[in-house]
Each structure stands twice: as C-alpha cells, then as structure tokens.
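The values are calculated or read from the model by the stated rules, or taken from the named source; none is laboratory data. Just so you know, these numbers come straight off a predicted model, no measurement behind them. We place every Cβ from the backbone using ideal geometry, glycine too, and count neighbours over all the protein chains shown. The area values use the complete protein model at the heavy-atom level, side chains included, leaving out ligands, DNA and RNA. Shrake-Rupley method; radii C 1.70, N 1.55, O 1.52, S 1.80 Å.
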Amino acid sequence: GNWVIKGNLVDGNGTIFLGSGGGSYGTTTVAGNLNLLGGSFNMDQTTAAMSVTGNVSIASGASLVLSGTSGGDFNLAGNWSNSGTFTPNSRLVTFNGTTAQTLTGATTFDFLTLNNTTGLTLNNSVVVNQTLGLTSGRITLGANDLTVGSAGTITGAGATNYVVTNGAGQLRRT
C-alpha cells in the first residue's frame, strides 16, 4: 500500500528502511519536511516514487539512500540541503516545486530533473552523472559549477528551460 506521513519526518539516529525484502510497493509521501539529523533513511528496493512536499535536510553524519530498483525515484517540492551522505543508486531526483527552489551542499546525482517554472538555484557545485532533464524552468548557477558526466546528457533545453550562468559558475562536462 501507500504511505502518507502528514507532517515532518525526522530521523535522529536510527535507520529507516522502505521496501526491504519484498515485492511491489506503493508510493511514500511526506507532507512536510524530511529531516535526517543522524542515522540513515534507506529506500532499499522500493519500486514506487517517494515525494516530499517540504524540504529535505541531510545533516552531517546522516545519509539518504535512494532505491536500487526501477521506479524508486524521489520528488521534491521544497529545498535540498546536504551536509551528509547521499547515494543516488541510478535513480531520478525531480525538483517539482511551485515556488523557487534551492540546492545547498555539494551533491552528486545520477539523474536530475527540474520541473518548476520558477526555477532552481545552486548554492554549491553539483554533479549529474547521467541525465540532466530540463522539463520546465531554469537552473541558476551563480558562483557554482554544474557538471554533467562524460557520458551524460542534457534533455529538454529550450527557450524557457535552460541553465543560467550568471556568475563564476560554469556548466561543465567531465
């Protein structure tokens, strides 16, 4: 079945596993913030997407591990802050808010999509190993680099969906 958490989900110093050791799984929605203060939040083999309507915060010493199975992607309507460990496991992270979003903390994604007409601003340099999708909106770099892996691609770029290099930050390829 589906999980709906109405409010913030806080992991202080434990391990939360979703979808461990079974077959198909429903969606998981956190209708608030996902605050990882310590320990690990592990989507394990979840086959359905997780959505957070608020912000994601991964503190130093904490980790967020995405699913290792197709379909176990991650949707975020708020801001991303990473001071800990993030393991993308070849899953897609989509920034899909309705207000301007920020991405703070050097983070490496495998697949990253922006689907937010009000855009995404990088507060640190970011790496996308595989595909950077520009469904809707602009990614603003400022002083930060956005690096796409050597075999990576950029999809969906157009007149309203693009990367803004308005400072020292560069769009790069490794």
Report summary line: When the stretch 40-60 is checked residue by residue, the ones that are farther than 18 Å from residue 108 by Cβ, of a type outside the set (A, V, I, L, M, F, W, C) and surrounded by fewer than 22 Cβ atoms within 10 Å (Cβ to Cβ) are 44, 45, 47, 51, 53, 54, 55
Report summary line: Of the residues in the stretch 78-90 that are of a type in the set (Gly, Ala, Ser) and open to solvent by 30 Å² or more (accessible area, probe 1.4 Å), the one that is farthest from residue 153 (Cα to Cα) is 83
Report task. Being within 20 Å of residue 124 (Cβ to Cβ) and over 20 Å from the mean Cα position of the chain (by Cα) is the filter; apply it to the stretch 158-168 and report the residue that is most open to solvent (accessible area, probe 1.4 Å). Result -> 166
Requested in this report: Name the residue, out of 93, 30, that is out of contact with any helix residue (DSSP H, G or I) (no Cβ under 8 Å at 6 or more places or on another chain), surrounded by 19 or more Cβ atoms within 10 Å (Cβ to Cβ), under 26 Å from residue 153 (Cα atoms) and of a type outside the set (D, E, K, R).
Outcome: 93
